[in-house]
Amino acid sequence: MNKFVLRQSLLLLLTATIWGVAFVAQSVGMDYVGPFTFNVMRSIIGGVVLLPCIALLGKINGKGNTEAAKKMDGKERKTLFIGGIACGVLLCIASNLQQFGIMYTSVGKAGFITAMYIVVVPVLGIFLRKKVSGKVWCGVGIAVAGLYLLCMTESGFSVQKGDFLLMLCALAFSLHILVIDYFSPKADGVKLSCIQFFTCGILSGVGMVLTEKPQLTSILAAWMPILYAGVMSCGVAYTLQIIGQKGMNPTVASLILSLESVVSVIAGFLILHQTLSLRELIGCVLMFAAIILVQLPDRAKK
């Protein structure tokens, strides 16, 4: 593994870690506010947090004012806004489907079905002419088995309303990963992330106004989970995802990001004092094994 791939993989691993811990904040926040309200607050906070970062980076990496640079800036600006809005729309759809899905199904099913984007991404990638090696497909299979052992603790598997919403959520997150894969080499990652948050927040706001009655007291009561979800999960993690995915195979990226399921179990143990069963521990081991497998260098052809 070269240094570039290692660095990008570590950034995606950090993203998965933040998201895994955010699952606890997301669950707690739902005790106080509705799904749309929660996503409005976290998205707007995430966008606002990135504004000073963009200003600071702009001063450090200031460009000249030549005519060629201006023309290039105009083209980049158009790509940036198109990419940011596209990512924001998909993020809005995925995050709100997830919030509503959690309301109607168990946490175990929610974790398993949502993380199924690790299967959907390579399948969709086939239609986009993204090459997927046998090693990666093997890693996907091992990861799915690990996720099942990790998340599916109840007996039986029946598709309910929440399950269907989470299946659509997994599809939306898969498209989000592929869109980021397309735009991340073409636009500034931090700016792209900022635009997607404001887009997600505005669109979620429409749903909030039409279907919910947010109260300031409820929002203030949920300040801690909302702040973590906004600053860390949105402002930091989604930005790291965009930067970390740059130059990475989207299937491999999705496998690394799916480690959020493992981290969420560990976070539940450390923060909520939930115990890990032998079955869940085996699931964690399989997940890590899948990630290691896809990161191993290919054999040189003779």
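Remarks
- Per residue, the convex hull around the alpha carbon atoms of the chain comes to 154 Å³.
- Scanning the chain for long hydrophobic helices, with DSSP H runs required to stretch 18 angstrom or more by C-alpha along their axis and to average at least 0.0 on the Kyte-Doolittle scale, returns 3-29, 35-60, 67-104, 134-151, 161-183, 189-211, 278-295.
- Probe 1.4 Å, protein heavy atoms only - accessible area per residue of the chain in square angstrom: 50 Å²
- For the residue pairs Lys3/Lys186; Lys135/Lys186; Lys78/Lys130; Lys131/Lys161; Lys161/Lys213; Lys3/Lys191, the C-alpha atoms sit more than 27 angstrom apart in Lys135/Lys186; Lys131/Lys161.
- Extension gain, Phe4 to Tyr104: 0.36 nm times the residue separation minus the Cα-Cα distance gives 31.9 nm.
- Carbon plus sulfur fraction of accessible area for segment 157-284, probe 1.4 Å, in percent: 72 percent
- Dipole of the chain, positive end: most advanced residue of Tyr104, Ile44, Leu293 [Cβ charges, Cα centre]: Leu293
- Peptides 5-12, 280-287, 89-96, 37-44, ordered by how many other C-beta atoms sit within 10 Å of their residues on average, highest first, read 37-44, 89-96, 280-287, 5-12.
- Most positive-pole-ward Cα, Ile266, Thr217, Ser277, against dipole of the chain from beta carbon charges: Ile266
The values are calculated or read from the model by the stated rules, or taken from the named source; none is laboratory data. These figures come from a predicted structure and were not determined experimentally. Cβ sites come from the backbone with ideal geometry, for glycine too, and all protein chains shown count toward neighbours. What goes into the accessible areas is simple: the full protein's heavy atoms, side chains included, and nothing from ligands, DNA or RNA. Shrake-Rupley method; radii C 1.70, N 1.55, O 1.52, S 1.80 Å.
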